[in-house]
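These notes concern the structure reproduced below.
The values are calculated or read from the model by the stated rules, or taken from the named source; none is laboratory data. Worth saying up front: this structure is predicted, and the values here are computed from it rather than measured. Cβ coordinates were reconstructed from backbone atoms using ideal geometry, including for glycine residues, and neighbour counts include every protein chain displayed.
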Amino acid sequence: MTAPARSPSTAKQNSALITEVEEAAGAFAQRNPNSGRLFAKAQASMPGGNTRSALYFDPFPLYVEESFGARIKDVDGHVYLDALGEFTAGLYGHSDQRIRDAIVVTAGKGVSNGAPGSAEINLADAVCARFPAIEMVRFCNSGTEANLYALTLARAATKRTKLIAFSGAYHGGVLVFGGGGERVNAPYDWTLCRYNGIDEATATIAKVGSELAAVIVEPMMSNGGCIPATREFLEALRQSCDKVGALLIFDEVVTSRMGPGGSHALHGITPDLITLGKYLGAGFSFGAFGGKASIMDLMNPQRPDALPHAGTFNNNVFTMSAGFVGLSEVFTPERAQELYEAGEALRVRLSKLGHECSRIVQFTGCGSAMNIHFVDGDITCPEDLVAEPKELFNLFHFDLMEAGVYAARRGQINLSLAMNDDDLTLLEQAVAQFLERRAPIIRAIGGER
Ligand SMILES: Cc1ncc(COP(=O)(O)O)c(C=O)c1O
């Protein structure tokens, strides 16, 4: 017997939904002729006019001319509250004065030095002081790279090759575990398990056993729909890895913003390695991996058997200096805690609005990152989301933009330090307007009258 669909939409409702989306897309295209023109131009030199898949949406993406504070301004002159927050990399907003000053001072001192400098020591010290499980750290240029290095380190440290990840996870451009993205993946030996599935994960770890190098997990699946891991699940991974001598890697590229010490501190769990990225570069390309000193030391160039770790821009002076000011002066532990709490409170308010509209409207997430969903029942893993009508996300996206809020097409909302209470109110109002306007189609899809 097949399980009942959790969003029991019919063909009639689907076609009504498609009509609403087409109308919204048409209105978007009309409002944004200059974006449309730039998109047409971009197609001559980039496939699909695009160099970053996540920023593509139909009929064409919004082209942004400038940004300030918590706002972006598009090439047609519309100003939006930026609730995409550069997929969490935009934590500091767009123009924090302390970060701007650091950039200007750095530019004044000259770039491309081809040598270490004090800025990288400052940032490394700040990272190690801030994240309890990071005893030593190394920098690279993206979260993708950070994860590739962490996996490489784990394979070298354990002298094993097999890896476990979770279905629907996203660990970078060549570490995609859902939606068909696997075709671009780095050729490692993967076994996939269900996220938050304690029994399956512990059994698989035991089975792969002495061949298992590492388990990599996001403490909250970000790309997968802002689905948080339960503490029990993460603890079970920790214990199971210990039993077979495999390393546990937390991908905290997104979740390191959750409270003062990131998700591992929040849960009181110590992974062997942690990867970082996004906001820690304060607007510049950034990645980092760190953890137990005994593992990180495998990259110590004073060792005869040192693993090489190269990268021209690993210590890019802009990233190092702006990143240090961001972490030490802007995203202080107190601000981190406040932002986490503001996000938790906002998600509660949005969930209430959602429930008032329909039982299929839910907001998942952790702290300052959250995602709308259109499905009934608990959401613990991406498999719980397969029945979601994807077109509703398009509608949500278009309607939010019409209300002056720029979010991710997949329904993700990320807060930034530049937002104030009025901005959060605007965000709530935009969501409320969407729910009110689209209630008939949402309720019809949910099988409600
Ligand atoms: C959890 C997670 N890991 C890794 C990455 C990859 O980071 P980057 O885009 O800097 O390569 C991302 C990016 O969205 C991410 O969300």
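Looking across A154, A201, one residue alone is among the aliphatic types (A, V, I, L, M), buried (at least 19 other Cβ atoms within 10 Å of the Cβ) and under 27 Å from S285 (Cα atoms). It is A154.
Every residue, every condition in (1) free of Cβ contacts under 8 Å to residues at least 24 places away in the same chain; (2) within 28 Å of Q239 (Cβ to Cβ); (3) more than 16 Å from the ligand (Cβ to nearest atom), yes or no:
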position	(1), (2), (3)
D101	no, no, yes
K162	no, yes, yes
G180	yes, no, yes
Y188	no, yes, no
A201	no, yes, yes
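Under the condition of being hydrophobic (A, V, I, L, M, F, W, C) and in contact with a His (Cβ under 7 Å, 6 or more places away or on another chain), the residues counted in region 404-417 number 1. Checked against (1) within 30 Å of F393 (Cα to Cα); (2) within 12 Å of the ligand (Cβ to nearest atom), I249 meets all criteria but (1). Within region 142-160, the set of residues being part of a loop (DSSP other than H, G, I, E, B) and more than 8 Å from the ligand (Cβ to nearest atom) comprises K159, R160. Listed here are the helices (runs of 4 or more DSSP H) enclosed by region 20-130 that have at least 1 residues being over 18 Å from M320 (Cα atoms) and either not assigned by TED's automatic domain parsing to the domain that holds F289 or not basic (K, R) (or both): 33-42.
The residues listed here are N371, N300; of these, the one that is modelled with pLDDT of 95 or more and either under 25 Å from L273 (Cβ atoms) or among the β-branched types (V, I, T) (or both) is N300. The condition (being of a type in the set (A, V, I, L, M) and touching a residue at least 40 places away in the same chain (Cβ under 8 Å)) is satisfied by just one residue among V386, V375: V375.
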